[in-house]
Amino acid sequence: MKCTRLQKTLQSGAKIKHNRNIIKTELIVALYAKCVRLGVYFPLGFTFNAGGLRFFPYAGAMSKPTAKSHKATASDVARLAGVSKWTVSRAFTPGASISEKARERVIAIATELGYRPNLLARSLSQKKTQIIGVVIDELKNPHSMLMLDTVTRQLQQRGYMALLLNIGSGENYRAVLSLADQLQVDGMLFLGTVLSDELIAVAREMHHIPLVQVCRNNDEPGIEVVNVDGLQAGKQLGELLLAQGYTRIGYMMGPATSSHHTLRLEGLQLALNEAGLALEVLLTAGEYARERSYEVLTEYLNAQAPDQRVEALFCENDVLALGALAALREGAGNKFMAVVGFDDIDEASLPGWQLTTFSQRIDLIVTEALNRLIDERATPGGVWSQGELRIRRSHLKP
């Protein structure tokens with residue numbers, strides 16, 4: 001009798017343990033299945049035996065299967081869209097001849113397949129890289145950054161890319177521009193860059209591509225110029241100062257380059273000559289840096305008695321003008337001096353400065369430059385060459 005009870009107890013315990021093992025096994029299997037559905041795989045296999053979980057290496061069978069994905073081609077898109085490969089190519093080419101309905105169908109199927117056009121292959125077939133070299137030497141100048149932002153945006157809208165070439169160090173132009181030559185850019189755009197003899201010589205050696213300079217003049221017949229009429233702009237600012245009754249007017253320039261690169265000084269002198277006056281003083285900062293204009297004007301203020309100073313100062317650009325205004329706030333005493341700038345950078349309109357200046361309308365200038373560079377289409381003397389006065393308060397008498 002006792003033996004029977006003992007046997008039943010043992011059997012009952014074994015059954016409970018067995019049931020627990022089954023539950024554990026089912027939980028582990030369920031967990032594994034969940035991991036597989038989530039994409040989680042294990043490098044080890046496992047077995048369950050008598051309540052113990054044993055792991056063992058599982059070679060290959062438990063690894064996530066990998067298959068080499070097929071990269072969609074233009075042929076794949078063309079087949080599904082029911083068009084030719086050339087129609088697919090035109091759908092991705094800005095300005096190409098293709099109906100809007102066909103373009104939308106091709107783009108939709110290309111998006112579904114994950115297709116992207118091969119620009120390198122296109123450049124080899126069309127002998128165009130869709131890349132424009134953008135040369136700049138004044139990245140610290142806010143106006144240069146405005147130009148760069150405008151250029152890159154307009155290039156992207158036309159389906160082109162910009163290759164930025166920073167020559168601000170003034171060293172080894174050949175090494176910098178050789179990169180553009182090796183990539184066979186479709187054209188070169190100089191953003192307000194001072195063209196030295198060495199830079200011009202290197203540009204001439206490049207394969208035959210169009211060269212356009214904006215916001216600065218040059219004397220090279222092979223480099224087109226797209227620049228505001230600096231003579232008239234300088235004359236307008238000069239006349240604005242004369243209208244306030246100023247008769248002693250000075251000018252501050254940046255680098256000691258030929259003034260005809262911008263013609264702003266010539267425009268001011270023209271306005272003065274017509275009024276029977278002459279330029280009182282020419283200050284040279286040496287670079288377009290606010291710190292330098294601050295130093296140069298401070299030296300001038302310290303060297304001149306208040307009644308011997310100029311009444312108004314025309315600065316070659318806004319960076320110089322803001323440095324000059326800062327110097328006047330600290331060192332002019334009670335003696336007022338009017339200041340005007342050029343370029344209309346964002347800071348010029350701030351309440352603390354209210355700088356009267358001249359906007360070159362970079363948006364219009366860049367459009368004209370790219371029309372010439374890419375489309376070989378010019379509009380000489382268009383609206384882009386006029387610019388606009390930005391009249392604020394820095395030129396007004398207190």
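With the cut-off at under 14 Å, measuring from each backbone N in the range 296-317 to a point 7 Å along the Cα-to-Cβ line of Asp229 picks out no residue.
All other residues with a Cβ under 13 Å from the Cβ of Thr284 taken together, and with Lys, Arg as +1 and Asp, Glu as -1, what is their net charge? Taking every Cβ under 13 Å from that of Thr284, the sum is -3. With K and R counted +1 and D and E -1, the other residues having a Cβ less than 15 Å from that of Ser84 yield a net charge of +4.
Rounded to two decimals, what ratio of Rg to Rh does the range 140-197 give with C-alpha atoms and a Kirkwood Rh? Reported Rg/Rh, Kirkwood definition of Rh: 0.96. Once the Cα-Cα distance is subtracted from the 0.36 nm per residue extended length, the Thr93 to His208 segment shows a gain of 39.0 nm. Spherically averaged projected area of the convex hull of Cα atoms, the range 260-398: 9.8 nm². The residues neighbouring Ala233, those whose beta-carbon lies less than 15 Å from its own, together hold a net charge of -3 under the Lys/Arg +1, Asp/Glu -1 convention.
Extension gain, Glu287-Gln182: 0.36 nm per intervening residue step, less the Cα-Cα distance, totals 34.6 nm. Computed with the Debye formula from one identical point scatterer per Cα of the range 169-301, without solvent, the log10 of I(q)/I(0) at q = 0.14, 0.16 Å⁻¹ comes to -0.76, -0.90. Between Leu350 and Glu388, full extension at 0.36 nm per residue minus the direct alpha carbon distance yields a gain of 11.9 nm.
We did not get these values from a lab; they are worked out from the coordinates using the rules stated. Computed from a prediction, not measured in an experiment: that's the story for all the values here. Please note: Cβ atoms are built from the backbone with ideal geometry, for glycine as well, and neighbour counts cover all protein chains shown.
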